[in-house]
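Accompanying notes for the structure given below.
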Amino acid sequence: MQIHIVPDADAGARVVADLFERAVRDAGDQGATLGLATGSSPVPTYAELIRRHREEGLSFARSRAYLLDEYIGLPADHEQSYHRFIRENFVDHIDLDSAQVHSPDGAAADPAAEAVRYDQAIQQAGGVDVQILGIGSNGHIGFNEPGSSLVSRTRVVGLTPQTISDNSRYFTSADEVPVRAISQGVGTILESRRIVLTASGEHKAEAIAQMVEGAVSARWPATMLQMHPDVVVVIDEAAASRLELADYYRHLHTLETEQSSTAAR
Ligand code: GLP
């Protein structure tokens, strides 16, 4: 894992946006397959990508996007659906074709079959080039809660009381938060060619420490990212505060920056 400890969310957003921009440019005419996440953590990155689209001409016209997850029981146009969230916070503000923004259908009559369909659709699209992830305070990625199989596929999952309470800030009350979702599995997420996880705040520090330095375990599903060869972690000082080897990661980062500036000369 490459760990970037950044001073604030805006600095982090620039690092993540650089990786997305590179994926889009590298894909050329074929277009990139972008893995998008909801939650508050990726929002500054989306804002930075929107800015680059408007001010620097970064085009997503040939790209396609796949969301990580969706609440069961919420149709795509519901105020709190993840599909709507990603439209309002990102894709409505860029030139990505709206027909190319894919998510599990939370209103499907048969959610289990919908999960299988969605998993296959990602594979048929050739897999995700770059996946952005946030992390739950209990170490979940997507909605893969503690106890999830570390090789799981897209499926119906039940949310923990912790996640329902964390996500209730978007709803009028905790009673309104759906208790089930369709989520890409840990195994599905791990098939993305590059993964970039971003987090900020003290309430994420334990999950980040487990993810980077803990034993791989279903207790903290994000630890499975240790088994992926290309993961970039972009976190602020508060989220990094429980990392034992934080100074070493800073040192590595300085070395890398020096190397790339030498190469650029
Ligand atoms: C939800 C989403 C996750 C997200 C998490 C953290 O549970 N399913 O994909 O990472 O929230 O959200 P936030 O970034 O708002 O802390």
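The values are calculated or read from the model by the stated rules, or taken from the named source; none is laboratory data. Note that the structure is a prediction, hence the values are computed from the model and not measured. Because the Cβ atoms are built from the backbone with ideal geometry, glycine has one as well, and the counts that use them run over all protein chains shown.
Of 156, 151, which residue is more than 13 Å from the ligand (Cβ to nearest atom), more than 13 Å from residue 222 (Cβ to Cβ) and in contact with a Pro (Cβ under 7 Å, 6 or more places away or on another chain)?
Numbers: 151 fails: in contact with a Pro (Cβ under 7 Å, 6 or more places away or on another chain).
Going through 156, 151 in turn, the sole match is 156.
Among the residues making up region 10-46, a single one is within 16 Å of the ligand (Cβ to nearest atom) and more than 15 Å from the chain's Cα centre (by Cα): 10.
A quick yes/no check of all residues on (1) of a type in the set (Gly, Ala, Ser); (2) in a helix (DSSP H, G or I); (3) touching a Phe, Trp or Tyr at 6+ places or on another chain (Cβ under 7 Å):
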position: 3; (1), (2), (3): no, no, yes
position: 13; (1), (2), (3): yes, yes, no
position: 17; (1), (2), (3): yes, yes, no
position: 22; (1), (2), (3): no, yes, no
position: 29; (1), (2), (3): no, yes, no
position: 38; (1), (2), (3): no, no, yes
position: 41; (1), (2), (3): yes, no, no
position: 47; (1), (2), (3): yes, yes, no
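Could you please let me know if residue 189 is within 30 Å of residue 243 (Cα to Cα), within 13 Å of the ligand (Cβ to nearest atom) and touching a helix residue (DSSP H, G or I) at 6+ places or on another chain (Cβ under 8 Å)?
Details: within 30 Å of residue 243 (Cα to Cα): yes; within 13 Å of the ligand (Cβ to nearest atom): yes; touching a helix residue (DSSP H, G or I) at 6+ places or on another chain (Cβ under 8 Å): no.
Spelling it out, it is not the case that residue 189 is within 30 Å of residue 243 (Cα to Cα), within 13 Å of the ligand (Cβ to nearest atom) and touching a helix residue (DSSP H, G or I) at 6+ places or on another chain (Cβ under 8 Å).
Among residues of region 193-208 that are at positive phi, those with a beta-carbon under 7 Å from a residue that is surrounded by fewer than 19 Cβ atoms within 10 Å (Cβ to Cβ) at least six positions away or on a different chain give the pairs 201/238.
Go through region 126-135 and count every residue that is surrounded by 15 or more Cβ atoms within 10 Å (Cβ to Cβ) and away from the ligand (no atom under 16 Å from the Cβ).
Taking region 126-135 as the starting set, the residues that turn out to be surrounded by 15 or more Cβ atoms within 10 Å (Cβ to Cβ) are 127-135.
Within this subset, residues satisfying the condition of being away from the ligand (no atom under 16 Å from the Cβ) are 127, 129.
Counting residues in region 126-135 that are surrounded by 15 or more Cβ atoms within 10 Å (Cβ to Cβ) and away from the ligand (no atom under 16 Å from the Cβ) gives 2.
Residues are listed down the side, and each one gets a yes or a no for (1) at pLDDT 95 or above; (2) not in a loop (DSSP other than H, G, I, E, B):
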{"residue": "79", "(1), (2)": "no, no"}
{"residue": "87", "(1), (2)": "yes, yes"}
{"residue": "96", "(1), (2)": "yes, no"}
{"residue": "120", "(1), (2)": "yes, yes"}
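For beta carbons closer than 9 Å, sequence separation of 6+ or different chains, a first residue in region 53-81 that is in contact (Cβ under 8 Å) with a residue 60 or more places away in the chain and a second that is surrounded by fewer than 19 Cβ atoms within 10 Å (Cβ to Cβ) and among the hydroxyl-bearing types (Ser, Thr, Tyr), the qualifying pairs are 80/170. Among (1) in contact with a Ser or Thr (Cβ under 6 Å, 6 or more places away or on another chain); (2) more than 12 Å from the ligand (Cβ to nearest atom), where does residue 237 come up short? Against the list (1) in contact with a Ser or Thr (Cβ under 6 Å, 6 or more places away or on another chain); (2) more than 12 Å from the ligand (Cβ to nearest atom), residue 237 comes up short only on (1). A single entry from 24, 16 fulfils the requirement of being under 12 Å from residue 129 (Cβ atoms) and buried (at least 18 other Cβ atoms within 10 Å of the Cβ): 24. Filtering region 98-118 to residues that are touching a Pro at 6+ places or on another chain (Cβ under 7 Å) and assigned to a helix (DSSP H, G or I) leaves 114, 115, 118.
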